[in-house]
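The values are calculated or read from the model by the stated rules, or taken from the named source; none is laboratory data. Nothing here was measured: the structure is a model prediction, and the numbers come from that model. Virtual Cβ from ideal backbone geometry, glycine too; neighbours counted across all protein chains shown.
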Amino acid sequence: MNINQQNPMEPGRTQAAHPVEAGYPPVEEDEINLLDLFMVLLKHKMLIIGVVFFAGVAAVVVSLMLTNIYRSEATIAPREEEKSASSSLTSALGGLGGMVAGQLGLGGGGSLEKLEVMLKSRNLTIRVIEKHELMPVLFADLWDKEKKRWDTDEPPTLQDGYKLIIENLLTVSPDSDKGTLKVGFDHEKPETAKKIVDYYLTELSEILREEVLRDAAENRRFFEAQLVRTSDPLLREKIYNMLATEIEKETFARAQKYYSFVVLDPPISPDIDKKVKPKRSLICILSVFVAFFLAVFLAFLVEYVGRLKTDDPERYQQLVQGLKPWKRG
């Protein structure tokens with residue numbers, strides 16, 4: 001063992017003192033100095049102010065050029081009569097009545113979930129578009145009103161109309177707690193928005209009505225055929241009751257303006273100052289915030305490039321050479 005080497009734990013060993021304790025100046029460390037950052041922002045304050053001002057003016061101009069969009073809404077709810085009809089049938093026929101009620105769909109035709117699904121269905125939307133000739137309304141910028149034809153070689157299809165409505169124009173908002181459903185439609189013309197909500201409610205009712213009338217007619221034919229084949233008095237009485245229920249369903253479906261649901265709050269034409277979009281104030285505020293952060297980034301970038309040019313000309317030239325292809329492009 002080398003006699004000049006000592007164990008650091010040996011008592012005779014004297015450890016080196018800390019540089020600060022020994023009187024040496026502290027070692028400089030790379031730290032982010034907030035004052036330096038603030039000085040960079042002050043140095044490039046005109047750049048920041050200019051970018052923010054330009055973005056704010058541009059946001060105001062662009063938002064004023066956007067078309068106002070209005071929303072007409074209606075609130076509907078499933079009818080309670082169907083539930084009571086199902087309950088009366090179940091109590092009248094016992095267990096068999098409950099089974100028949102489930103098979104015939106009593107009480108479930110106007111459920112909140114079914115109304116929501118049907119309002120968003122392709123069948124209902126395409127039916128509304130075709131029946132009320134809404135394609136020129138939906139794609140007004142592609143339709144020549146005077147010549148009554150499309151201005152494009154590839155006119156939009158019904159699928160395009162369905163996609164536009166479902167993704168951008170139609171809103172369906174169920175409220176399970178209250179048992180209601182809100183239907184809305186957005187359009188640049190308030191009266192058109194109201195009319196299309198009316199179209200949806202009318203066609204929804206007609207689809208549900210047609211479904212019930214079709215099922216009732218098929219069930220009546222079936223029960224009438226069973227009466228011919230059945231001689232048991234008790235069974236015939238139950239079939240008569242079920243037949244009477246089908247007649248009641250058919251009569252009930254024909255008598256109502258809106259079948260399976262009730263309109264709690266009908267749609268109205270929104271006032272001209274009650275637009276839902278664009279949110280001009282929000283657009284301007286967000287634009288200013290984004291522009292500010294972008295301007296701060298540009299300020300630090302300009303400062304970095306300036307220092308690089310002075311402190312490290314070689315790397316600065318490499319940066320310039322690397323940017324030349326982008327300038328030519």
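Within segment 275-329, can you find the residues that are modelled with pLDDT under 80 and not in a helix (DSSP H, G or I)?
312, 329
If residue 125 passes every condition in (1) closer than 24 Å to residue 261 by Cβ; (2) modelled with pLDDT of 70 or more; (3) touching a strand residue (DSSP E or B) at 6+ places or on another chain (Cβ under 7 Å) but one, which one does it miss?
In the conditions (1) closer than 24 Å to residue 261 by Cβ; (2) modelled with pLDDT of 70 or more; (3) touching a strand residue (DSSP E or B) at 6+ places or on another chain (Cβ under 7 Å), residue 125 misses (3) alone.
Applying the selection to segment 193-222, what residues are more than 21 Å from the chain's Cα centre (by Cα) and more than 24 Å from residue 249 (Cβ to Cβ)?
195, 198, 199
Starting from segment 189-210, take each residue that is not assigned by TED's automatic domain parsing to the domain that holds residue 132 and buried (at least 20 other Cβ atoms within 10 Å of the Cβ) and list its partners that are basic (Lys, Arg) and modelled with pLDDT of 95 or more, counting only C-beta distances under 7 angstrom and pairs at least six apart or across chains.
none
For segment 276-289, give me each residue that is exposed (fewer than 14 other Cβ atoms within 10 Å of the Cβ) and hydrophobic (A, V, I, L, M, F, W, C).
Within segment 276-289, 282, 285, 286, 289 qualify.
Look at residue 234 and say whether it is out of contact with any strand residue (DSSP E or B) (no Cβ under 9 Å at 6 or more places or on another chain), farther than 30 Å from residue 192 by Cβ and surrounded by 11 or more Cβ atoms within 10 Å (Cβ to Cβ).
For residue 234, the condition - out of contact with any strand residue (DSSP E or B) (no Cβ under 9 Å at 6 or more places or on another chain), farther than 30 Å from residue 192 by Cβ and surrounded by 11 or more Cβ atoms within 10 Å (Cβ to Cβ) - is not met.
Restricted to segment 45-96, and to residues that are surrounded by fewer than 16 Cβ atoms within 10 Å (Cβ to Cβ) and of a type in the set (D, E, K, R), which residue is modelled with the highest pLDDT?
Only one residue fits best here, namely 45.
Does at least one position in segment 253-268 carry a residue that is crowded, with 16+ Cβ neighbours inside 10 Å, of a type outside the set (Phe, Trp, Tyr), touching a residue at least 24 places away in the same chain (Cβ under 8 Å) and under 30 Å from residue 63 (Cα atoms)?
Looking for residues that are crowded, with 16+ Cβ neighbours inside 10 Å, of a type outside the set (Phe, Trp, Tyr), touching a residue at least 24 places away in the same chain (Cβ under 8 Å) and under 30 Å from residue 63 (Cα atoms), one finds at least one in segment 253-268, hence yes.
From 249, 178, 195, 182, grab the single residue that is basic (Lys, Arg), out of contact with any Cys (no Cβ under 6 Å at 6 or more places or on another chain) and part of a strand (DSSP E or B).
Step by step, each of 249, 178, 195, 182 is checked, and only 182 is basic (Lys, Arg), out of contact with any Cys (no Cβ under 6 Å at 6 or more places or on another chain) and part of a strand (DSSP E or B).
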